[in-house]
Structures are given as structure tokens and as C-alpha cells.
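Single-structure report; data block below.
Each reported figure results from applying straightforward, stated rules to the coordinates on display, with no laboratory input. Since the structure is predicted, the reported quantities are computational estimates derived from the model, not experimental observations. Because the Cβ atoms are built from the backbone with ideal geometry, glycine has one as well, and the counts that use them run over all protein chains shown.
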Amino acid sequence: MHKRLLLLISIFGIYNLNAQDMKARVLPSEIQITTATLPAPEGEKNGAMVYGYDEKGQLVVLRKGNNNLVCITDDPTKKGISVSCYSRKLEPFMARGRELNKQGLDFEQKMKTRAKEVENGTLKMPDAPSMMYVYFGKQENYDPNTGALKEGKFRYVIYTPFATTESTGLPDKPHAKGMPWLMDPGTHRAHIMVGPF
């Protein structure tokens with residue numbers, strides 16, 4: 001009984017520490033917005049819709065926006081800094097992915113679920129190439145007072161559903177640093193990757 005009580009105390013203690021750490025790391029909305037829009041083209045930053053985190057660590061809309069971009073700020077529970085902005089046409093696909101994450105599905109399960117939903121028409125993918133900008137870097141290079149990230153790197157992703165290596169002329173893996181290549185060819189989530197790898 002004594003051992004069980006100690007175990008419960010330790011579990012709840014760890015939970016409370018994690019919760020406090022999470023709360024401490026949630027930044028003010030304006031800083032989250034600045035960070036979230038780092039990948040966006042300069043003229044698109046101010047009008048982008050932005051998702052960020054509230055004081056409970058829940059993902060919420062921080063700004064509705066008025067242009068074609070949706071940006072998501074850095075997840076404070078994950079190591080390093082990574083933010084992204086993507087075309088509003090990709091929002092149904094991205095939002096569904098977040099829903100499936102909440103349900104605890106792993107990557108393969110999410111991919112299969114969304115593939116079925118695209119096939120039966122309940123999940124709509126863009127009918128034209130749609131852009132996503134990603135900016136990432138090390139935690140120690142991030143300034144939480146300004147939202148700036150030094151020495152970050154860009155990755156560009158162009159979603160082209162069901163594109164193939166034959167239809168695009170692109171390889172399915174890079175053979176030189178920084179070259180474009182096609183990931184997941186022939187699937188609903190086929191996309192052209194361009195990045196520092």
C-alpha cells in the first residue's frame with residue numbers, strides 16, 4: 001500500500017511538473033504570431049491566419065487572417081523550433097491530421113485514414129499545386145522575447161495530389177543537396193520537397 005501511494009505521488013508530481021513547464025513555455029500571442037509567420041513571404045505575414053497555444057497548451061486560432069495563408073506556431077512540447085505556413089486549400093487536410101493526432105493515431109494510421117476519406121470524397125484535397133513553407137532551427141537560437149530565430153533553415157513543400165515521377169519528371173529521392181524531389185508519389189499526399197538535405 002505504501003509503495004502504491006508513493007508511485008501515485010510520483011506520477012502526479014511528474015504530471016504537475018510537466019503541466020507547469022508547459023504553461024511556463026507558452027508565449028504571449030503576439031510572440032507566437034511573429035514566430036509562426038517566419039516562413040511566410042514578407043508581403044503575406046500580416047494577413048495570414050495563425051494557430052497558436054493558449055495557457056492550457058491547447059491549439060487555438062490566435063488570428064483569423066485575411067489572405068491565402070495559414071500558419072502554425074512552434075509546439076512548445078517538442079524539442080527545437082519548427083513553424084510552417086501553408087495554403088488555405090490545404091487546411092481540410094491539415095485540420096483532419098490534427099483531429100487524428102488527438103485520437104492517438106500513428107503516422108501510418110493517419111495516412112490510411114485520410115487516403116480512404118480522399119477516395120470516398122469526404123476529405124477534399126487541392127485540385128492544383130499548393131504551397132507549404134517550413135522554417136526550423138535549434139532551441140538555443142530562438143529568442144522568446146522577440147520571436148526571432150537565428151540560423152534557421154527553410155524547407156519548401158508543394159502538395160501535388162496523385163502526382164507521379166512520370167507526370168512530373170522528378171525523382172522520388174534527392175541525389176544532390178537542395179534539389180527538388182517527389183515524396184509519396186501517386187498518393188493523395190504526393191508532394192514536391194525542396195530543402196537543405
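Here are the numbers:
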| item | result |
| --- | --- |
| Filter result for the condition that a residue is crowded, with 18+ Cβ neighbours inside 10 Å, charged (D, E, K, R) and under 17 Å from the mean Cα position of the chain (by Cα), over 63, 98 | 63 |
| Subset of the range 91-122 [over 25 Å from residue 68 (Cβ atoms) and of a type in the set (Phe, Trp, Tyr)] | 107 |
| Residue list for the range 117-133, filter: in a strand (DSSP E or B) and not small (Gly, Ala, Ser) | 131, 132, 133 |
| Qualifying positions in the range 35-48 - surrounded by 19 or more Cβ atoms within 10 Å (Cβ to Cβ) and either part of a helix (DSSP H, G or I) or more than 18 Å from the chain's Cα centre (by Cα) (or both) | 35, 36 |
| Considering residues of the range 146-197 that are aliphatic (A, V, I, L, M) and outside any strand (DSSP E or B) only, the residue farthest from residue 132 (Cα to Cα) | 176 |
| Qualifying residues in the range 152-167 (those that are surrounded by 16 or more Cβ atoms within 10 Å (Cβ to Cβ) and more than 19 Å from residue 40 (Cα to Cα)) - the one farthest from the chain's Cα centre (by Cα) | 163 |
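Residue-by-condition table, conditions (1) of a type in the set (A, V, I, L, M); (2) touching a Leu at 6+ places or on another chain (Cβ under 7 Å); (3) assigned to a helix (DSSP H, G or I):
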{"residue": "52", "(1), (2), (3)": "no, yes, no"}
{"residue": "91", "(1), (2), (3)": "no, no, yes"}
{"residue": "96", "(1), (2), (3)": "no, yes, yes"}
{"residue": "112", "(1), (2), (3)": "no, no, yes"}
{"residue": "115", "(1), (2), (3)": "yes, no, yes"}
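Per-residue answers, yes or no, for (1) of a type in the set (D, E, K, R); (2) touching a Cys at 6+ places or on another chain (Cβ under 6 Å):
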site	(1), (2)
64	yes, no
67	no, no
76	no, no
80	no, no
85	no, yes
88	yes, no
96	yes, no
